[in-house]
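The values are calculated or read from the model by the stated rules, or taken from the named source; none is laboratory data. Treat the numbers as computed from the prediction; the structure is a model and nothing was measured. Cβ atoms come from the backbone with ideal geometry, glycine included; neighbour counts cover every protein chain shown.
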Amino acid sequence: MTSNASNKLLALPLSIQTFESIICQNGLYVDKTAYLYQLVNEWELANKFFLSRPRRFGKSTTLTTLESIFLGKKELFEGLAISKTDYTWPVYPVIRLDMKWAAHPNLDRAEQSLLSALKDIAQSYALEIDEGLPEDFFKKLIIRLYKKTHQKVVVLIDEYDKPLIDLFNDIEEAKKIQGLLKRFYGVLKSADEYLRFVLITGVSKFTKVSVFSDLNHLTDLTMDTRYAALCGYTQEELEFYFDPWIEQLAQIENKTKAEILEKIKTWYNGYRLTKANIKVYNPWSTLHLFDKQSFENYWFETGTPTFLVEAMQREAFDLNKLEQPVSDTDFSTYDIEKLQIVPLLFQTGYLTIKNYDADLNAYQLDFPNYEVGQAFSAMLVTAYCELGEGEGSGLRFRLITALKHDKLEDFFTAINQLLAKIPYHLHQKNEGYYHSIFIAVCTMAGVSVEPEKATSMGRADAILQSSTSIYVIEFKINDTADAALKQIKDNRYAEGFGYLNKKIISVGVAFDKNQRKIIEWKKAYD
């Protein structure tokens, strides 16, 4: 593992995503060039790639690092992994496009912005190209670059899906943009003989089939285990590159180094993006944690795509589906008119792979870490329950206070008030739905909650922990709290928590699906 300088002298690249700027401004670069060397040397067999990763996950830095490699800027890579290989640093013409430029509410503006970006690239190579449609200009640019430099062209496209994501509330306009992008990306097939290397990145794959229908020869790296850690930081990288900041944070939190590493892992690690059990940290949250030296929600604050919430509300999304396994095909059949919510939540970083069953080729998904789980639950509860400004914070305080003082009446009163705010059309009459809402509310409030906790005799619906108590909870719909308590007792769900030296309380909860609320709860002490 290599570093571009002594960590103590480096600056955290909080607002810089361009590789050359990070290096030239003495910024910290987590060395991913071993992966990139492997990628650029596979071009004889495959030279066109697609990579989907969540936002703020290092895609732009990856593309700009490749840009510097293909521009032959060897001096920037001194001490990095690629400098120790046999790479010979040839120079190629590079077209790097950030498709945020084309993210506009109508087709005309999108076309003009895309043309403007292409013209800037043409001018940087002193090329004069007649204006036309973006796809025509793009093809001419590739061919003219090839003829001028006598080298095949490298094309790097970032956030390919951004123009569509911003138009999910206007499907008709989105279809027009989809047509533009289909024609535009189609150039990469018709100009194949002039291309040395192509990498297209984005947040999701939901448009891959329709936008890239002509590019069936793209090699998809998204779930390729060889590139599982291409974006994001592994545990080993975190401890190597960020050691000075880890030491400082441990002092501030008055914890040992081992304790602070465990806390960092709980808050920010856990993204498993392929079948391989390789987990990574989100770079955005990691960098801001070490900059502010404070555990906060950083990634979620950068903006939750409104289309996710609106799609879930529009389709009255069944929260139980978050727990259902998905297959490989679920990850690659997206379309703008028929969103599949669970795979989309995975691609956008709100869910990650918890387990993979090779025999069934099935993935079990879950929140990657505390940061995302708490923030997503808050988003979900706020959206489903239509909470006003400040109501979420007030609810969190009430729930935590109630549990702290073992006031379950106050706790369940707050839950019922929340359930009453859910619009009728979003309610679902099954036990799992209320179970999911309950878990989401507790997670949002910052309550330590473990759903579907396995015991020697079965699974308890939920285990809550306060500073003094363990709550073993079982839910029943259109049944009694006594029946729920009996199930806890018969299956000995409450056993096995004595080592925690906390008061153990069994709680039976009964929902009425017609009244859409908790009608009864009872507790028993072990």
Complete set of residues in region 217-266 that are farther than 20 Å from Leu287 by Cα, surrounded by fewer than 20 Cβ atoms within 10 Å (Cβ to Cβ) and of a type in the set (Val, Ile, Thr): Thr219, Thr225, Thr256
In region 477-496, residue surrounded by the most Cβ atoms within 10 Å (Cβ to Cβ) [restricted to those that are touching a strand residue (DSSP E or B) at 6+ places or on another chain (Cβ under 6 Å) and closer than 21 Å to Gln465 by Cα]: Tyr493
Leading residue by the ranking (nearest to Lys476 (Cα to Cα)) among those in region 497-514 that are surrounded by fewer than 15 Cβ atoms within 10 Å (Cβ to Cβ) and modelled with pLDDT under 85: Asn514
Evaluation of Ser285 against (1) surrounded by 20 or more Cβ atoms within 10 Å (Cβ to Cβ); (2) assigned to a loop (DSSP other than H, G, I, E, B) (one fails), failing number: (2)
Elements of type helices (runs of 4 or more DSSP H) contained in region 17-126, each with 1 or more residues being surrounded by fewer than 18 Cβ atoms within 10 Å (Cβ to Cβ), of a type in the set (Asp, Glu) and modelled with pLDDT under 95: 107-124
Counted residues, region 156-188 - those being within 24 Å of Lys140 (Cα to Cα) and without any contact (Cβ under 8 Å) to a residue 24 or more places away in the chain: 1
Candidate set: region 424-461, residues that are among the hydrophobic types (A, V, I, L, M, F, W, C) and modelled with pLDDT under 70; chosen: the one nearest to the chain's Cα centre (by Cα): Leu426
Long-range neighbours under 9 Å by Cβ, at least six apart or interchain, first residue without any contact (Cβ under 8 Å) to a residue 24 or more places away in the chain within region 91-109, second aliphatic (A, V, I, L, M): Trp101/Ala110; Trp101/Leu114; Trp101/Ala117; Arg109/Ala102
